[in-house]
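A short write-up of the structure that comes next.
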Amino acid sequence: VFNAKTAELLSHHQVEIQQKFPKEGWVEQDPKAILNSVYECVEKTCEKLQQLNIDITNIKAIGVSNQRETTVVWDKTTGEPLYNAIVWLDLRTQSTVERLLKRIPGKNKAFFKFRTGLPLSTYFSAVKLRWLLDNVEEIRQAVDDGRAMFGTIDSWLIWVCICGKNGGVHCTDVTNASRTMLFNIHSLEWDPELCQFFDIPMEILPKVRSSSEIYGLMKICPSLKSGALTGVPISGCLGDQSAALVGQMCFQDGQAKNTYGTGCFLLCNTGQKSVFSEHGLLTTIAYKLGRDKPVCYALEGSVAIAGAVVRWLRDNLGIVKTSQEVEKLAAEVGTSYGCYFVPAFSGLYAPYWEPSARGIICGLTQFTNKNHIAFAALEAVCFQTREILDAMNKDCGIPLNQLQVDGGMTNNKVLMQLQSDILCIPVVKPSMPETTALGAAMAAGAAEGVGIWSLNPGDLTAVTCERFEPQINPEESEFRYARWKKAVMKSMDWETSEAPSNG
């Protein structure tokens with residue numbers, strides 16, 4: 001919860017959502033667990049506000065932000081999900097992608113790029129939805145009966161929170177729609193030809209709206225004891241990376257931010273013109289802050305594994321008990337001692353788009369220990385960002401002179417210093433790290449009919465920031481980066497889809 005005048009964070013609560021890995025490369029979440037986490041966060045945040053003697057009836061609007069591309073299909077008559085949500089970095093659709101590629105002239109992954117801004121990849125929702133229609137009988141049946149609804153997580157939450165099966169609003173915003181691969185980013189409409197190509201019935205798709213308008217009023221959550229949050233408008237909706245761009249106040253052409261979450265996402269605002277990348281970046285919708293406001297575009301570099309590599313060291317290797325310990329281990333050695341870690345657990349995203357890559361750790365000697373591996377893991381996040389920044393500088397022609405950062409991992413000072421060293425430019429971090437939530441709040445508060453938040457650059461309070469300046473010489477940085485690129489080449493072409501399946 002934020003103060004609409006000062007953008008100050010008043011209260012917050014978070015819950016880690018369990019991911020499920022039913023098979024190798026599969027990543028799922030329970031849509032009801034996501035919903036319950038929202039209820040729990042609302043409940044606890046309201047309790048904290050009451051402890052601060054802030055009346056919760058002061059909450060004037062609600063914004064929604066979500067991990068994009070994650071795909072859910074539910075039954076509009078029962079309100080129940082028909083399958084787990086397939087998470088954005090899930091790889092089960094590799095064979096679906098290969099099958100679809102065969103239908104494209106010259107198997108060109110970029111065939112739909114000028115309409116969608118995206119290459120054909122396991123990453124985007126259309127391919128996940130195609131897999132669900134091909135493999136889940138309940139979903140096929142629900143589509144045939146006219147009961148099925150498709151959405152990304154924002155659609156699912158908004159539908160449930162605004163009446164649900166008693167007349168819920170089935171909508172999404174332009175930023176989330178632009179990640180489905182079914183949406184024309186110029187006409188701002190679902191594209192009938194793309195729907196035909198993926199063989200997806202258009203009637204199951206949500207209505208596409210701007211990122212800042214009243215979608216409906218939130219009905220009281222069944223679990224809300226305080227009971228006062230009924231009838232608050234849900235009036236902001238942005239995919240998480242767009243929300244962070246707004247929260248970082250990147251409203252000018254050429255402003256960029258990098259968010260360090262499960263993955264890593266560098267977005268650069270290109271204003272009202274869509275710029276198409278020659279170097280493996282995506283063209284995406286940054287925001288449309290009002291029904292009558294212009295749409296703004298961004299160039300985006302997406303890295304699948306950032307924070308997830310720290311989680312992997314904790315949960316899979318067990319070399320640390322908490323994520324914070326990784327920073328401590330890395331700080332103790334201050335070098336990877338020639339060890340390089342390419343965390344291509346879900347293939348490589350930008351700028352390579354190479355689904356056949358897999359994770360590797362190389363350059364190991366008898367001297368290498370867990371501290372070096374922890375350092376190499378953090379360094380991997382920084383090298384991946386550097387690759388994207390290089391691509392962005394080539395596409396935009398104006399090199400960034402500093403990088404604005406946000407997201408959970410930015411609390412790691414070793415990581416932030418490393419990032420500045422590897423990019424050879426300053427890294428600037430706002431002292432309030434909840435930038436994504438702030439962006440959603442800004443969109444909600446600025447909506448027509450709510451109007452309690454000004455988005456005029458002149459009215460925006462300057463945020464206090466922490467700066468990290470490069471501390472190593474550029475030659476050292478270039479040498480390490482060249483070694484990293486060598487390691488990336490070794491991770492490629494590892495997986496072939498012809499491998500015999502083990503059931």
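The values are calculated or read from the model by the stated rules, or taken from the named source; none is laboratory data. Treat the numbers as computed from the prediction; the structure is a model and nothing was measured. Glycine gets a Cβ as well: all are built from the backbone with ideal geometry, and neighbour counts include every protein chain shown. SASA here: full protein model, heavy atoms, side chains in, ligands and nucleic acids out. Shrake-Rupley method; radii C 1.70, N 1.55, O 1.52, S 1.80 Å.
So the values come out like this:
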item	result
Gap separating the Cα centres of the stretch 32-47 and the stretch 190-212, nearest whole Å	30 Å
Solvent-accessible area per residue, Å², over the stretch 19-238 with all protein chains present [probe radius 1.4 Å]	39 Å²
At R0 = 25 Å, FRET efficiency that the Cβ-Cβ distance of residue 471 and residue 401 yields, to 0.05	0.90
Per-residue SASA entry for residue 38, accessible area with 1.4 Å probe, Å² rounded to 10	40 Å²
Solvent exposure, largest accessible area first (probe 1.4 Å, DNA, RNA and ligands not counted), of 169, 127	169, 127
Taking only Cα atoms of the stretch 19-238, radius of gyration then Dmax in Å	18.3, 64
Restraint check, 48/321; 48/219; 128/370; 107/490, Cα-Cα greater than 27 Å	48/321; 128/370
Stokes-Einstein D (µm²/s) once Rh is taken as the Kirkwood radius of the stretch 230-336 over alpha-carbon pairs, at 20 °C in 1.002 mPa s	132 µm²/s
Size of the chain as Cα extents on the principal axes (Å, biggest first)	63, 55, 43
Alpha-carbon radius of gyration plus Dmax, which is the widest Cα pair, for the stretch 390-479 in Å	16.6, 55
Average projection area in nm² (convex hull over Cα atoms of the stretch 309-419, one quarter of hull surface)	7.7 nm²
Sequence of 448, 332, 325, 469 from largest to smallest accessible area, 1.4 Å probe	448, 332, 469, 325
The chain - charge dipole about Cα centre, Lys and Arg +1 at Cβ, Asp and Glu -1, debye rounded to 20	140 debye
Cα point-scatterer Debye curve for the stretch 323-363, base-10 log of I(q)/I(0) at q = 0.13, 0.14, 0.25 Å⁻¹	-0.40, -0.46, -0.85
Carbon/sulfur fraction of accessible area - the chain, other protein chains in place, 1.4 Å, %	52 percent
Restraint check, 293/394; 207/257; 113/288, Cα-Cα greater than 24 Å	293/394; 207/257
Per residue convex hull volume, Cα atoms of the stretch 298-338, in Å³	121 Å³
Extension reserve of the residue 452-residue 370 stretch, reckoned as 0.36 nm per residue once the Cα distance is removed	24.5 nm
Span from the the stretch 359-387 Cα centroid across to the the stretch 53-128 one, whole angstrom	31 Å
Distance between modelled label sites at residue 464 and residue 113, nm, 7 Å Cα→Cβ extension	4.5 nm
Rough spin-label spacing in nm, given labels placed 7 Å along Cα→Cβ, for residue 321 and residue 134	4.5 nm
Extended-chain gain in nm, criterion 0.36 nm per residue less alpha-carbon gap, residue 188 and residue 207	5.7 nm
Taking all pairs of distinct alpha-carbon atoms in the stretch 279-318, Kirkwood radius in angstrom	13.0 Å
Spacing of the two label points (7 Å from each Cα toward its C-beta) at residue 230 and residue 333, in nm	5.9 nm
Mean separation of Cα contacts under 8 Å (6+ apart) over length of the chain, as relative contact order %	15 percent
Proximal aspartates and glutamates to residue 102, defined as alpha-carbon separation beneath 16 angstrom and excluding residues fewer than eight positions away on the same chain	199, 498
Ranking by accessible area, most exposed first, for 130, 314, 291 with a 1.4 Å probe	291, 314, 130
Overall Cα dimensions of the stretch 1-90, principal axis frame, Å, largest first	47, 30, 21
Charge dipole (debye, nearest 20) of the stretch 453-497; +1 at Cβ of Lys and Arg, -1 at Cβ of Asp and Glu	240 debye
Cα gyration tensor shape of the stretch 34-134, rounded if a/c is under 1.5, else prolate or oblate by comparing a/b with b/c	prolate
